[in-house]
1. Rank Ser106, Val10, Phe124 by how far each Cα sits towards the positive end of the charge dipole of the chain (+1 on Lys, Arg Cβ; -1 on Asp, Glu Cβ) and give me just the farthest.
2. Assign one of three labels to the range 45-139, namely rounded, prolate or oblate, based on the Cα gyration tensor with a ≥ b ≥ c the square roots of its eigenvalues; rounded applies when a/c is under 1.5, prolate when it is not and a/b is larger than b/c, and oblate otherwise.
3. So what J values fall out for the range 19-28 if you push phi through Karplus, 6.51 cos²θ - 1.76 cosθ + 1.60 with θ = phi - 60°, rounded to Hz, Gly and Pro as x?
4. Considering the options Met52, Tyr30, Met63, tell which one lies farthest towards the positive end of the dipole of the chain, charges being +1 on Lys and Arg and -1 on Asp and Glu at the Cβ, about the Cα centre.
5. Applying a 10 Å radius around every beta-carbon, put 71-82, 125-136 in order of their mean neighbour count, most first.
6. Report the charge-dipole magnitude of the chain in Debye, nearest 20, computed about the Cα centre from +1 at each Lys and Arg Cβ and -1 at each Asp and Glu Cβ.
7. Under a 5 Å amide H to amide H cut-off, with H placed in plane at 1.01 Å, what residues pair with Asp73 once short-range neighbours are removed?
8. Under a 5 Å amide H to amide H cut-off, with H placed in plane at 1.01 Å, what residues pair with Ile67 once short-range neighbours are removed?
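No lab work stands behind these numbers, since they all come straight from the coordinates. All figures in this text were calculated on a predicted structure; none of them were measured in a lab. Ideal geometry is used to build each Cβ from the backbone, glycine not excepted, and the neighbour counts take in all protein chains shown.
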Amino acid sequence: MSSRNIILIVILVLVIILAIVGVVLGFIFYRNRGLQSEVKLVDTYSLTLDDMYCNIKDSKRIMKVKITIETNDKKTLELLEEKQFLIRDDINKIVRNKTEEDLEGSQGQMKLQKEIYDSLVKIFNTNTITNVYFNDLIIQ
């Protein structure tokens, strides 16, 4: 074989390899682009209640709490804003039935958070409330 034929074969092999790499990269890019277009961001809205001071059951201590309620529906947010008095009353009832031991540690706070969330879902009869957050939680 002549050196010219060897160079031609090497160039042909390189072109084929580059074509295969190009097709694979194009396929990967096209596939990832299709997945990204399917991902849809959900808008969230939140309502932060003013500071609340609640008595604790069988204790001389009180709890100061500031709560944010998150929803993914604008109409639910408007309803929550209109009915803040109802929300505050319900939270107060829940906390007044908790002892100091019920509220201790992160487990106690998570249980309280879940109970408030469940109560709000039940009161407003909606699944658009996504979470309840404690901005501040102090027991004195």
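1. Most positive-ward Cα: Val10.
2. Cα axes put the range 45-139 in the prolate bin.
3. Per residue, the Karplus-derived 3J(HN,Hα) values read 5, 5, 4, x, 5, 5, 5, x, 5, 5 Hz.
4. Among Met52, Tyr30, Met63, the one farthest towards the positive end of the dipole of the chain is Tyr30.
5. 71-82, 125-136
6. The dipole magnitude comes to about 560 debye.
7. Under 5 Å from the amide H of Asp73: Tyr45.
8. Leu49, Asn135
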